[in-house]
Structure formats: C-alpha cells, structure tokens
Amino acid sequence: MSLWLFAIISGIIQGLAEFLPISSSGHLSLFQNFFGMDEIPMTFDIMLHLGTLAAVFIVYRKDIFPLFPAFFSMMKKVFKGKFKLSEATIHERLVLMVLIATIPLVIIVPFTDYVDLIGQSSIAIGCILIFNGIMLFVSDKLSSGKVNGENIKPHNAFITGLFQMCAVLPGLSRSGSTITGGLTQGFDRQYAVKFSFIMSIPAILGAAVTDIPDVISGDAIGKAELFPFLLGTFVAFVSGIGAMKLLIYISKKSNFKVFSVYCVLVGILIVVLAANNITFA
C-alpha cells in the first residue's frame, strides 16, 4: 500500500471513528493488523489527533472559545477564595466539569503501555467491539434526563470521566462511552453529546502530548512522508467535522442502533478472521 493511500485511509478512520461511537483506536489497530501495515508513526498519530482536535474547535467554537476567559475568571475567584459553584457562570461551570471529568484519564496514564499491548490482538479488539455494540444498545434504553450545563454537578462529570477512562481500550468508543456515561447521570441527550465532544479536548490533546517524548527520541519524519501525513491530517479534520455533525443529527432524530449492530457484526467478523489467521496483506 502506498504511503499516500495509507495516510488517507488512516485520516478517514481517525476522523470518523473518533467521534462516531465505533472506536478510532480499535479501527486503526485493525487496519494495521489485517493489512500488514507497520505501526502508525508516532508523529503521524499526533498529527491525526490534532486534526480531530481542530474539528472539535470548529464545530463547537461558540461553546469553546468563551471557556478560555471563563477559566481565568474562575481561577481568579479561586485564589481570592470567592469561588462558589452555585454562583459560577455557565462557562465557568463547564470548565470545572471538564477538568473534573479529565481526572480519571490522568490516573490511567501509567497503564497505557498495557493498553497498547491489547491493540496488538485483533481477537481482543473484536471482543471489545462486541461489548461496545452492547453498550450502545443499552445506551439507547436510557432516557434523556434534565441535567445540562446549568445544573451539572461534579459527581456527574467525574462518573462520565470514568466512562472515558475505560474507553482507552482499543475497540471501546470514547464518544459512545462518554455519551452513555452522561445518560446514566441523567444528562439531556443533546447535552450528553455536547459534553462528550468538549471533554474530548483535553483527552485528545493529552494523548498527543504524552506521545511527544517518543517522537523526540525517535526519527523525525522525512520529506517524503511530510505531505502524505499533512493530507491525512486534513482528511481527519474534514471527516471529523462530518462525523460530529452526523452524530449531533442522530442524537436529535434517532438512536445508536445502527452503530450497535455494526460494532457487534464487525466484532464477530474480526474474531472469526483472527482466529483463522486470515489477513489481507
């Protein structure tokens, strides 16, 4: 497979699967495992994450950009001992909740090497995809509640963050997990989607930052790789925007049944293929 095609397919997978509830890490690992591709270069992996991060900023720009001044105003109140959650603005509250939801991810960082080992087993990924499909089926059974940006509480955010922590497993969707986690906390379905996407910012940025030491210690990308990787990043950005808008639409009009069925069927297929050592290299 040419480097250009590899970059484009990787970008499509990252952009679509990062935000649709089907797991980007699982699909990227399967792409590598079954097509005999070398592990995605760490530099390109960071570029793909930054492409999807940019997509979040574009789609939710009206919600995200006010968070920056809100963070500083909140910190000013904290240092003066005047911060009260009951008196916080809606943007200050969202900043705090996103920070709280990120705590479980910090806890799991020392164990990421073990998670990477799971990504090398197609059978393991297939089984996790099946579980992901079951989780999405359960998610559809959860009623849309009344918790939103005005009344979300710290424990709601933390529990949703625990769901995000579990989604470091390849095959378990981050968006699907966090939306499901939000619904268990009584989130309004549309707010569950919004909170899932916004809380992905520190998650995606953190994943990129933790890979930087490996990039520095490794070989820099060459001129032959630069433009294919930039194209793949742009593809991840565009497909990420499309995936987010699609999920927002689905959350208003429908449910996750199609994704649930897809994950279960793909998971079963992957397990069967891997058990029989069938690849497409």
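So the values come out like this:
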{"item": "Tally, over region 255-281, of residues that are closer than 30 Å to Asp188 by Cα, of a type in the set (Gly, Ala, Ser) and open to solvent by 70 Å² or more (accessible area, probe 1.4 Å)", "result": "0"}
{"item": "Residues of region 1-44 that turn out to be open to solvent by less than 40 Å² (accessible area, probe 1.4 Å) and not aliphatic (A, V, I, L, M), as a count", "result": "18"}
{"item": "Ser139 being at pLDDT below 95, over 21 Å from Ala207 (Cα atoms) and within 18 Å of the chain's Cα centre (by Cα)", "result": "yes"}
{"item": "Residue count, region 64-98 (criterion: part of a helix (DSSP H, G or I), without any contact (Cβ under 8 Å) to a residue 24 or more places away in the chain and either crowded, with 18+ Cβ neighbours inside 10 Å or not aromatic (Phe, Trp, Tyr) (or both))", "result": "10"}
{"item": "Qualifying residue in region 224-240 (condition: without any contact (Cβ under 8 Å) to a residue 24 or more places away in the chain, surrounded by fewer than 18 Cβ atoms within 10 Å (Cβ to Cβ), out of contact with any Cys (no Cβ under 7 Å at 6 or more places or on another chain) and within 24 Å of Met42 (Cα to Cα))", "result": "yes"}
{"item": "Test for Thr89: is it more than 18 Å from the chain's Cα centre (by Cα), among the hydroxyl-bearing types (Ser, Thr, Tyr) and within 24 Å of Gly149 (Cα to Cα)", "result": "yes"}
{"item": "Residues of region 155-168 satisfying the condition of being assigned to a helix (DSSP H, G or I) and either of a type in the set (Val, Ile, Thr) or open to solvent by 50 Å² or more (accessible area, probe 1.4 Å) (or both)", "result": "His155, Phe158, Ile159, Thr160, Leu162, Phe163, Cys166"}
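The values are calculated or read from the model by the stated rules, or taken from the named source; none is laboratory data. Keep in mind the model is a prediction, meaning the values are calculated, not measured. Neighbour counts are summed over all protein chains in view; Cβ atoms, including those assigned to glycine, are modelled from backbone coordinates with ideal geometry. The area values use the complete protein model at the heavy-atom level, side chains included, leaving out ligands, DNA and RNA. Shrake-Rupley method; radii C 1.70, N 1.55, O 1.52, S 1.80 Å.
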